[in-house]
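Each remark here refers to the structure printed beneath this line.
The values are calculated or read from the model by the stated rules, or taken from the named source; none is laboratory data. Keep in mind that this is a model prediction, so the values were computed, not measured. All Cβ positions, glycine included, derive from the backbone under ideal geometry; neighbour counts span all protein chains shown. These accessible areas exclude ligands, DNA and RNA; they are computed on the full protein's heavy atoms, side chains included. Shrake-Rupley method; radii C 1.70, N 1.55, O 1.52, S 1.80 Å.
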Amino acid sequence: MAAPDPHITVMDEQVALPRKNGELVFEAPWEARAFGLAVVLNEAGVYPWHDFSQGLAAETAALEQQGTSASYYERWLETLEKLAIARGLVSIEELDARTAEYAFRAHDEHED
Amino acid sequence: MSGDQHDSHQTGTESYAALRTKALESLLVEKGLITTDVIDIVVRAYEQDIGPLNGARVVARAWVDPAYKQRLLADGTSAIAELGFGGRQGVDMVVLENSPTVHNVVVCTLCSCYPWPVLGLPPSWYKSYAYRARVVREPRAVLREFGLELPASVEIRLWDSNSDIRYMVLPERPAGTEHLSEADLVPLVTRDAMIGVARVQAPAIPARR
């Protein structure tokens with residue numbers, strides 16, 4: 001892949017990637033996966049980065065209006081999901097089904 | 001989404017977001033749209049890219065290479081470009097050397113001008129009105145809040161970044177690091193030291209003997 005894209009590394013303050021001492025901060029492994037997924041789909045030409053950052057800003061604004069909050073990467077994931085569905089990569093049904101499957105399996109693994 | 005419950009993850013099970021991410025990834029992999037490897041590569045590249053690391057490389061080089069240091073202080077933009085780091089055209093980089101008697105601190109009193117090609121994105125406090133206003137009025141007090149106590153004999157020089165000139169501090173090489181190589185010095189150099197609100201500390205345990 002090419003070098004990191006400044007469109008991604010330097011976004012508007014409102015949606016800028018969380019950093020600590022300049023470095024990206026991922027609070028949990030899934031956040032890094034979600035980050036990577038969004039970047040890879042952009043590099044694959046599924047959407048221009050502008051569409052993603054706009055979507056993230058819209059998601060943030062919508063939540064604010066509802067008076068609810070979500071973490072940065074929860075909003076990121078929501079944006080990613082909506083774009084992937086809008087571009088016809090996945091359907092909401094298969095995504096829901098697969099999530100439920102994983103949840104069931106995780107439940108199985110942790111309860112004895 | 002978990003709404004306004006910040007503590008939405010149940011112990012022992014994965015959060016909804018984690019499951020959802022895994023589901024999306026597995027579907028995209030199945031459809032042949034992505035591979036898991038490429039995600040790993042991308043994440044690693046972004047984790048290592050921007051950030052204060054570029055500036056740390058500049059500082060470490062200047063510590064070990066006196067000729068480079070001279071070029072760096074004479075013409076920051078060109079010397080930084082030698083290492084492959086550059087920013088927008090028309091923005092000059094000026095590097096300020098700290099010494100036992102002079103301590104430089106960088107601020108942008110107007111907004112948040114920052115040498116991002118070498119330091120990445122500015123921390124939120126750098127952009128805060130409190131820092132921008134107070135560091136000019138009472139630099140010693142502000143530095144103390146950062147945990148940096150400077151003797152009264154040390155002169156503090158403040159540098160106001162703007163759209164044409166971006167400043168970066170060349171911190172003093174800490175005592176006890178004479179045996180360290182350039183590569184070993186790089187991780188010692190922090191962002192805060194290159195803004196001038198901290199000093200570079202020698203490693204607690206010497207990396208090599």
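Inspection of region B:125-143 identifies at least one residue that is under 14 Å from the mean Cα position of the chain (by Cα), surrounded by 12 or more Cβ atoms within 10 Å (Cβ to Cβ), more than 22 Å from residue B:57 (Cβ to Cβ) and of a type outside the set (A, V, I, L, M). Of the residues B:61, B:88, the single one that is within 25 Å of residue A:19 (Cβ to Cβ) and modelled with pLDDT under 95 is B:88. Residues of region A:37-77 that are under 23 Å from residue B:42 (Cα atoms), within 12 Å of chain B (Cβ to nearest Cβ) and either of a type in the set (Gly, Ala, Ser) or in contact with a Phe, Trp or Tyr (Cβ under 6 Å, 6 or more places away or on another chain) (or both): A:38, A:42, A:44, A:45, A:71. May I ask you to list the residues in region B:5-33 that are among the small types (Gly, Ala, Ser) and at pLDDT 50 or above? Of everything in region B:5-33, those that are among the small types (Gly, Ala, Ser) and at pLDDT 50 or above turn out to be B:15, B:17, B:18, B:23, B:26, B:32.
Please go through region A:75-88 and pick out each residue that is surrounded by fewer than 19 Cβ atoms within 10 Å (Cβ to Cβ) and not charged (D, E, K, R). Passing the criteria: A:85, A:86, A:88. Pick from region A:17-36 the residues that are acidic (Asp, Glu) and either open to solvent by less than 30 Å² (accessible area, probe 1.4 Å) or within 20 Å of residue B:190 (Cβ to Cβ) (or both): which of them is farthest from the other protein chains (Cβ to nearest Cβ)? Per the stated criteria, the residue is A:31.
Taken together, the residues in region B:110-138 that are outside any helix (DSSP H, G or I) and at pLDDT 90 or above amount to 1.
Residues that are under 16 Å from residue B:77 (Cβ atoms) and small (Gly, Ala, Ser) within region B:154-176 comprise B:161, B:163, listed in sequence order.
One residue stands out among those in region B:163-172 that are open to solvent by 60 Å² or more (accessible area, probe 1.4 Å) and modelled with pLDDT under 95: the one that is farthest from residue B:61 (Cα to Cα), which is B:163. Of everything listed in (1) in the same structural domain as residue B:66 (by TED's automatic domain parsing); (2) open to solvent by less than 60 Å² (accessible area, probe 1.4 Å); (3) out of contact with any Gly (no Cβ under 8 Å at 6 or more places or on another chain); (4) at pLDDT below 95, the single unmet condition for residue B:203 is (1). Select from region B:99-124 the residues that are touching a residue at least 40 places away in the same chain (Cβ under 8 Å), among the hydrophobic types (A, V, I, L, M, F, W, C) and surrounded by fewer than 21 Cβ atoms within 10 Å (Cβ to Cβ) and list them in ascending order. Across region B:99-124, the qualifying residues are B:102, B:108, B:110.
Only a single item in (1) part of a helix (DSSP H, G or I); (2) farther than 14 Å from residue B:105 by Cα is not met by residue B:144, and it is number (2). Within the option set A:95, A:80, A:89, being within 10 Å of chain B (Cβ to nearest Cβ), within 20 Å of residue B:46 (Cβ to Cβ) and modelled with pLDDT of 95 or more holds for one residue only, A:80. Looking at (1) out of contact with any Pro (no Cβ under 9 Å at 6 or more places or on another chain); (2) over 20 Å from residue B:85 (Cα atoms); (3) free of Cβ contacts under 8 Å to residues at least 60 places away in the same chain, can you tell me which one residue B:162 breaks? Looking at each condition in turn, residue B:162 falls short on (2).
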